[in-house]
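Worksheet: the structure to be examined is printed underneath.
The values are calculated or read from the model by the stated rules, or taken from the named source; none is laboratory data. Bear in mind that the values here come from a model prediction, so they are computed numbers and not experimental data. A quick note on method: Cβ atoms are made from the backbone with ideal geometry, for glycine too, and the neighbour counts reach across all protein chains shown.
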Amino acid sequence: MERRAAVASLLAARGPLLVVSGLGGTTWDVAAVGDEPRNFYLWGGMGCAVPVGLGLALAQPSRPVLVITGDGEMLMGVGSLATVAAQRPANLAIVVVDNERYGETGGQLSHAALGADLAGMARAAGITDSVTLEDLATVAQYRARLHEASGPRFAVLKVAPESPPMVLPPRDGVLLKQRFRASLG
Amino acid sequence: MNSAATPGWPSRLHAVLRAQAVRQVGYVPDAGHRQLIELCRADPDMHAVPLTTEEEGMGLLGGAWLGGQRGVLLMQSSGVGNCVNALASLTQACRFPLVMLVTMRGEWGEGNPWQLPMARAVTPVLETLGLRVVRVDHAEEIEDTVAAMLAMAYTTESAAAVLLGQRLLGAKVFQ
């Protein structure tokens, strides 16, 4: 499936959803849907998207939190799946946009192309609600689950190895932080 | 002589964390932090979060701050080497508040030579990354020091490390 369409589908009618995106392609994907203060985009700190989402989910247990990151970023911090499983935050969903490539650095194959099954790794880490989604119709059905307080949950979206044009959100981390905090009131 | 066994300072440190409204305690286990970890795990007002590696702590506490909660990170000196990029590219880039309570190995009566190189690197690495680094070698200094560093971190959105000296904690015995 096409990654921008998949991310736009997940974020349709997002309501109170708080979003953390991993550096690289998924930050451009989330920005392409529309910039807003309740998006916290990582421009660095590869491997940290899931821990950021975990800290946020624990701090804001009444709001749904979605981490959207890439397969390479997820692999760099894959131990954090066990950390999430140990906390069992009901309001946290993790979605990996998996093109099996390191798209920002020349499209080198990631471990997801070389035998690693990320949904299986999440399940084995203790996140039992873990699925792989192959098409847009399934993603559209999955969207409602992002708002259900019965997580943590994990999904891999298998997307085509394309690199759509960058859509750049603000890049000042301090600005992104302050406006996110202000948006929570 | 193992002053870590002195009754009281982990309890007093836990009281400091409570007084500072710390709600998330990320940790990578260490013998020096054993009692404090137990106290935080037993505290219903705290999320005590075991991490698989220290760099998860930068993400966790950044996310906590985004969501309006204060945190602290408990770790060992060797873990400083594990979180260099996260400290630079997340904590400092976003000016997230961070206080790391780092128990030192490899500097005072150490019996494991593999601990010495990282121990020597801890302060220069952290200072190069722009963190304020303070040491505690005596139990009576620990409360004031940690309270001051926490208050400063949260009010100025800055990062600091408190190094708990091996002289304070006592060296691990290999026999």
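Among the residues of the stretch B:5-39, those identified as outside any helix (DSSP H, G or I), more than 14 Å from every other protein chain (Cβ to nearest Cβ) and modelled with pLDDT under 95 are B:THR6, B:PRO7, B:GLY8, B:ASP30.
Residues in the stretch A:88-109 that are assigned to a loop (DSSP other than H, G, I, E, B) and modelled with pLDDT under 95: A:GLY106, A:GLY107. With the condition kept exactly as written, say whether any residue in the stretch A:96-119 is within 14 Å of chain B (Cβ to nearest Cβ), crowded, with 22+ Cβ neighbours inside 10 Å and under 30 Å from B:ALA93 (Cβ atoms). No, that holds for no residue. Counting only strands (runs of 3 or more DSSP E) that sit wholly inside the stretch B:40-149, those with at least 3 residues that are closer than 22 Å to B:VAL22 by Cβ and within 14 Å of chain A (Cβ to nearest Cβ) are B:47-50, B:70-76. When A:THR27 is tested against (1) more than 14 Å from chain B (Cβ to nearest Cβ); (2) in contact (Cβ under 8 Å) with a residue 60 or more places away in the chain, just one condition goes unmet, and that condition is (1). Do we find that A:ALA85 is of a type in the set (A, V, I, L, M), in a helix (DSSP H, G or I) and within 12 Å of chain B (Cβ to nearest Cβ) in this structure? Against the criterion (of a type in the set (A, V, I, L, M), in a helix (DSSP H, G or I) and within 12 Å of chain B (Cβ to nearest Cβ)), A:ALA85 qualifies. Residues satisfying the criterion are absent from the stretch A:168-175 (criterion: at pLDDT 95 or above, part of a loop (DSSP other than H, G, I, E, B), small (Gly, Ala, Ser) and farther than 20 Å from A:GLY103 by Cβ). Could you tell me which of the residues A:ALA13, A:ALA5, A:ALA90, A:ALA32 is in contact with a Leu (Cβ under 7 Å, 6 or more places away or on another chain), surrounded by fewer than 22 Cβ atoms within 10 Å (Cβ to Cβ) and farther than 19 Å from B:LEU61 by Cβ? Of the residues listed, the single one that is in contact with a Leu (Cβ under 7 Å, 6 or more places away or on another chain), surrounded by fewer than 22 Cβ atoms within 10 Å (Cβ to Cβ) and farther than 19 Å from B:LEU61 by Cβ is A:ALA5.
Only one entry of A:PRO152, A:PRO165 meets the criterion of being surrounded by fewer than 16 Cβ atoms within 10 Å (Cβ to Cβ) and not aromatic (Phe, Trp, Tyr), and that entry is A:PRO165. Taking the criterion of being of a type in the set (Ser, Thr, Tyr) and closer than 30 Å to B:GLN175 by Cα, the only residue of the stretch B:110-137 that qualifies is B:THR123. When A:GLY79 is tested against the conditions (1) more than 15 Å from the chain's Cα centre (by Cα); (2) closer than 22 Å to A:VAL7 by Cα; (3) facing chain B (nearest Cβ under 9 Å); (4) not aliphatic (A, V, I, L, M), the lone failure is (2).
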